[in-house]
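Here the structure is laid out as structure tokens; the discussion comes afterwards.
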Amino acid sequence: MTRLVVIGGGAAGMSAASAARRVAPGLDVVVCEAGGFAAYGMCGIPYFLGGTVRRAESLLAYPPEEFRDRRGIDLRLFTRVTGIDPATRRVRVGRQDLGYDALIVASGADPVRPPVPGLGHDRVFTVRSLDEAIRLRRLLDGGAVRRAIVVGAGYIGLETAEALVCTGADVEVIEALPRVLGTVDEPVADLVAAELTRHVRLRLGARLEAVLSRDGGLTAVVDGTALDADLLIVATGIRPATGLLAQAGARCLPDGSVLVDGCMRTSLPGIFAVGDCVALPHLVLGGPAWVPLGPAANKTGRVAGTVAAGGTASFAGIVGTAVVKVFGLEVARTGLGLAEATTAGLAAVATDVVSRSRAKYYPGGSPLHVRLVHEPGGRLLGAQLAGSEGAAKRIDVLATALHAGFTIDDLTALDLSYAPPFAPVYDPVLLAAGHAARSAISTAGGSS
Ligand SMILES: Cc1cc2nc3c(=O)[nH]c(=O)nc-3n(C[C@H](O)[C@H](O)[C@H](O)COP(=O)(O)OP(=O)(O)OC[C@H]3O[C@@H](n4cnc5c(N)ncnc54)[C@H](O)[C@@H]3O)c2cc1C
């Protein structure tokens, strides 16, 4: 093999290129990146917008010269690939073709823009690239944004709403669904909504109908009401950016994510796909699922790069673990929510327990909500936590339990750490597991 071409210089693409270079020092590695930045922490964008991270460059894992001069990777910025021809092993770049022996597609995901008139307004932004974030930050730094509307109450919308509040803006969040944060169940989402309304105005079940130009700003029409604002953020979800692969004939799920094997090979010879493009083996569901998150993007990139360069690696799978900070609340989830588990045909119940993050007598503790989703008296299927502290630390215990295929009884037996400043003597995870085990005995299921 002589040339590896990587499409996309994000977390997955640059991990792939670096891994390939390590395995095969003589390999010609070319990365084509459509934007002006590569290898940056997209997850840090909200903190850059809000001013916690002061300089855009701080988000770069490495500057482009590190890849070009030290790692010998031919990183081409502002270079969009517009076609893949698997038969001749060529990709189309501008007016030229670039041949490859192996191709790794790491083109990420695209923001979904609802079909609303006026979204082309220059004060309407999505939050998906550093190039766009820099333009937005310039606007914020110029003091032009006193009132902002965020459309969509998923985790990107909520992180962005918090960032805008940090800049001093008056923020309104609009969500078409009757609840926030669709990735957690209702009891946890209700806690998030309560925290949110301490800092922003929240309109649930409300639809953006149009964006109109106004002198120096815009007017958003929401359910027939005109709302004036200086900025509108569209955070209504993402979809896999897999158009090139689909056109080339790769097997995809109906949501557009590409099917891959454990080594990240697509159904097309010599073509791998990684990161937000792909469906990954979900260890609880027992089948492929699209859960686009940072850690899997890095790991799948590394696997594909290693294998494409002639090495050995494989990806074990995901359980869908995520954490988000919403103002003063840590919100974490892993595995399946109750509705997801039921839709998957699993006999699932949920156990909710609210305990404390520290020993009762130790100052500074706060309530911690733990929801376990499980088979009655059987397998753990998922968990969600929310509280001012301690949710992020504990979700990883539950993610590990899912990887190990734990039952509720296994969970009750865990030897977890204890000291008054960090936990009660019965950790909230153990308390919830104990409740789940007992509710199975006393009620043979049901929510508690
Ligand atoms: C605001 C925000 C916050 C986030 N926070 C978190 C978090 O806290 N935790 C977490 O786990 N995940 C988080 N994520 C998700 C995480 O950032 C992604 O899962 C991860 O970046 C995916 O990496 P990727 O390399 O697959 O895709 P991307 O990082 O999107 O990279 C894809 C790259 O491909 C380029 N590209 C696309 N098409 C072409 C083409 N045809 N030719 C050339 N180049 C092309 C794009 O320009 C892009 O740079 C967040 C995402 C966002 C947007």
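A simple rule links phi to the HN-Hα coupling: the Karplus curve 6.51 cos²θ - 1.76 cosθ + 1.60 with θ = phi - 60°, which for the stretch 112-119 gives 7, 10, x, x, 10, x, x, 5 Hz, with x for Gly and Pro. Taking 7 Å steps out from each Cα toward its Cβ at ARG95 and THR225 produces label points 5.4 nm apart.
Give me the distance in nm between label points sitting 7 Å out from Cα along the Cα-to-Cβ direction at LEU259 and ARG207, one decimal. Reported label-point gap for LEU259 and ARG207 is 3.5 nm. A simple spin-label model places pseudo-atoms 7 Å from Cα toward Cβ; at THR88 and ASP122 they are separated by 4.1 nm. The residues of the stretch 233-339 expose on average 37 square angstrom of accessible surface per residue, using a 1.4 Å probe on protein heavy atoms. Ligands, DNA and RNA left out, the accessible area of the chain computed with a 1.4 Å probe is 54% carbon and sulfur. 3J(HN,Hα) along the stretch 41-50: x, 4, 5, x, 4, x, 6, 6, 5, x Hz, from the Karplus curve 6.51 cos²θ - 1.76 cosθ + 1.60 with θ = phi - 60°, whole Hz, x for Gly and Pro. DSSP beta bridges confined to the stretch 170-298 are antiparallel in about 75 percent of cases. Close amide H partners of VAL173, meaning residues 5 or more places away or on another chain with modelled amide H under 5 Å apart, are VAL150, ARG201, LEU202, ARG203. Mean residue ellipticity, 222 nm, helices only, the chain: the sum of -39500 (n - 2.57) across DSSP H runs of n ≥ 4, divided by residue count and rounded to 500, is -7500 deg cm²/dmol.
The distance separating the Cα centre of the stretch 91-145 from that of the stretch 264-341 comes to 22 Å.
Just the accessible area per residue of the stretch 76-232, please: how many Å² with a 1.4 Å probe? Walk me through the numbers on the way to the answer.
Details: 7180 Å² over 157 residues.
On a per-residue basis, the stretch 76-232 sits at 46 Å².
Peptide packing: for 144-152, 9-17, 307-315, 26-34, the average count of neighbouring Cβ atoms within 10 Å per residue gives the ranking 9-17, 144-152, 26-34, 307-315, highest mean first.
Among the DSSP beta bridges whose two residues both lie in the chain, what percent are antiparallel, rounded to the nearest 5?
Taking every DSSP beta bridge with both residues in the chain, the antiparallel ones total about 60 percent.
Highest first, please rank the peptides 186-193, 88-95, 431-438 by the mean number of other Cβ atoms sitting within 10 Å of their residues.
Working: 186-193: 19.9, 88-95: 14.6, 431-438: 22.0.
Put in order of decreasing packing, that is 431-438, 186-193, 88-95.
The values are calculated or read from the model by the stated rules, or taken from the named source; none is laboratory data. Remember, predicted model here, so these are calculated numbers, not experimental data. So basically every Cβ, Gly included, is an ideal-geometry build from the backbone, and we count neighbours across all protein chains shown. Please note that ligands, DNA and RNA were not included when accessible areas were found on the heavy atoms of the full protein model with its side chains. Shrake-Rupley method; radii C 1.70, N 1.55, O 1.52, S 1.80 Å.
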